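Some notes on the structure that comes next.
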Amino acid sequence: MKNIKIQIGAVLVLASAAVVIFWNIHHSAEVVPEYVFIYAENQAADYPTTLGGYYFSELVEERTKGRIRILVQPEAELGPEKDVLKQMQYGGIDFARVSLSQLSELIPEMNVLQMPYLYESSKHMWKVLDGEIGDRFLTMTDSYDLVGLSWYDAGVRSFYTSEKKITCLEDLKGMCIRVQESELMAEMVEILGATAVQIAYSEVYSSLQQGLVDGAENNWPSYESMQHYKVAKYFTVDEHARVPEMQLVSLHTWNRLSEGDQKIIRECARASALYERRIWAQREKEARNIAIQNGAEEILITEEEKEKFREAVQGMYEKYCGDSMDLVEEIKKCIP
Ligand code: GTR
């Protein structure tokens, strides 16, 4: 009898231990987050900037042990970049990755970092952004109810057209080219001789297909990812602008977080930016190959011809960087 009691006792102890273990496992798998934030991204789910966003979200969740969850919404589900920025200023959207062309519409001082033919190479741009200038511009957003977290890579932009190839500057005359919803980009295209039409990113494919515009301009990965090569097969490598991109958080969201959490978020954003930069370089090559294999024609222009493009836009510096010409000089000297 005594033995049976001991056995029953042991079984009960084991059973309750199993319940505790099961409860713990189950419970820890379902940590209820303290914060659930949304993150706007206008590129496809497999695009480098989106992958950077997912990585950021994973890192934050890991480092906060599930207390902070960030839901990345790709493919412009939360609207065009212009509207996303407005919503962030009111705290309607928490995080986003946006092009500086769009951000400069809100913060004109940013234009200086996206001027046409400003950087000589990707390395040159990264030397500027990784240094004191880049840090200064990340904090510039604070007075616009936004907090800059990190810089993302978006390569270099070139023109692409449907019917007529661009082989020299004169070819742009009379063409109608889609640009971002950005005054600077529109002016650049007009100065180069074409008519600029500002259209949201998600509408570019149909605008090219329906012949509303003769061409557009972007980097190889966007050209390939959005399948623009199917409706605009001539890609002219004029490399007119390197437009960096920024990962941001709404100041309203930021102010809800403790200093410790803010630090984690900054660190994870920077780590995700380095990751994005690594996969960007690879994707740039792949995108070019995919587009060409599917019928795109790459048109290379001579240095001499490129110089004509460069000269044509010089007047824009006075207008957009009038008060910061010293900074332009500083950037130009920041050669790696
Ligand atoms: C891409 C950028 C997008 C968007 C797009 C455009 O390079 O990543 O965020 O700005 O260009 O041309 O609208």
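The values are calculated or read from the model by the stated rules, or taken from the named source; none is laboratory data. In this text the structure is predicted, and so the values were computed from the model without any measurement. Please note: Cβ atoms are built from the backbone with ideal geometry, for glycine as well, and neighbour counts cover all protein chains shown. Just so you know, the surface numbers come from the protein's heavy atoms only, side chains and all, with ligands and any DNA or RNA stripped out. Shrake-Rupley method; radii C 1.70, N 1.55, O 1.52, S 1.80 Å.
Per-structure values
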quantity	calculated
Test: residue in region 207-218 that is assigned to a helix (DSSP H, G or I) and touching a strand residue (DSSP E or B) at 6+ places or on another chain (Cβ under 8 Å)	yes
Residue tally, condition touching a residue at least 24 places away in the same chain (Cβ under 8 Å), under 19 Å from LEU248 (Cβ atoms) and either open to solvent by 80 Å² or more (accessible area, probe 1.4 Å) or aromatic (Phe, Trp, Tyr) (or both), over region 44-68	3
Where LYS86 falls short, out of the listed (1) of a type in the set (Lys, Arg); (2) within 16 Å of the ligand (Cβ to nearest atom); (3) in contact (Cβ under 8 Å) with a residue 24 or more places away in the chain	(3)
Residue count, region 176-207 (criterion: more than 15 Å from PRO116 (Cβ to Cβ), open to solvent by 10 Å² or more (accessible area, probe 1.4 Å) and more than 10 Å from the ligand (Cβ to nearest atom))	5
Unmet criterion (only one of (1) crowded, with 20+ Cβ neighbours inside 10 Å; (2) within 16 Å of the ligand (Cβ to nearest atom); (3) in a loop (DSSP other than H, G, I, E, B)) for TYR117	(2)
Filtered residues of region 69-82 (kept if among the aliphatic types (A, V, I, L, M) and surrounded by fewer than 21 Cβ atoms within 10 Å (Cβ to Cβ))	LEU71, ALA76, LEU78
Filter result (among the aliphatic types (A, V, I, L, M), open to solvent by less than 40 Å² (accessible area, probe 1.4 Å) and near the ligand (Cβ under 10 Å from one of its atoms)) within region 208-240	ALA216
Looking only at region 267-291, and only at residues there that are touching a strand residue (DSSP E or B) at 6+ places or on another chain (Cβ under 6 Å) and of a type outside the set (Gly, Ala, Ser), the one that is nearest to GLN227 (Cα to Cα)	GLU276
Which listed residue is under 22 Å from the mean Cα position of the chain (by Cα), of a type outside the set (Gly, Ala, Ser) and closer than 28 Å to ALA45 by Cβ, from LEU146, LEU208, LEU184	LEU146
Wholly within region 233-336, strands (runs of 3 or more DSSP E) carrying at least 2 residues that are closer than 18 Å to TRP151 by Cα and not small (Gly, Ala, Ser)	245-250
Selection status of SER158, touching a strand residue (DSSP E or B) at 6+ places or on another chain (Cβ under 9 Å) and within 16 Å of the ligand (Cβ to nearest atom)	yes
Some residue of region 249-268 being surrounded by 20 or more Cβ atoms within 10 Å (Cβ to Cβ) and closer than 19 Å to GLU75 by Cβ	no
Of the criteria (1) of a type in the set (A, V, I, L, M); (2) open to solvent by less than 60 Å² (accessible area, probe 1.4 Å); (3) free of Cβ contacts under 8 Å to residues at least 12 places away in the same chain, which one LEU327 fails	(3)
Residue in region 132-147 that is open to solvent by 20 Å² or more (accessible area, probe 1.4 Å), modelled with pLDDT of 95 or more and part of a loop (DSSP other than H, G, I, E, B) present	yes
Where GLU318 falls short, out of the listed (1) open to solvent by 60 Å² or more (accessible area, probe 1.4 Å); (2) closer than 19 Å to MET125 by Cα	(2)
Residues being more than 16 Å from the ligand (Cβ to nearest atom) and at pLDDT 55 or above - total across region 11-55	11
GLN282 vs. criteria open to solvent by 60 Å² or more (accessible area, probe 1.4 Å), within 18 Å of the chain's Cα centre (by Cα) and at negative phi	yes
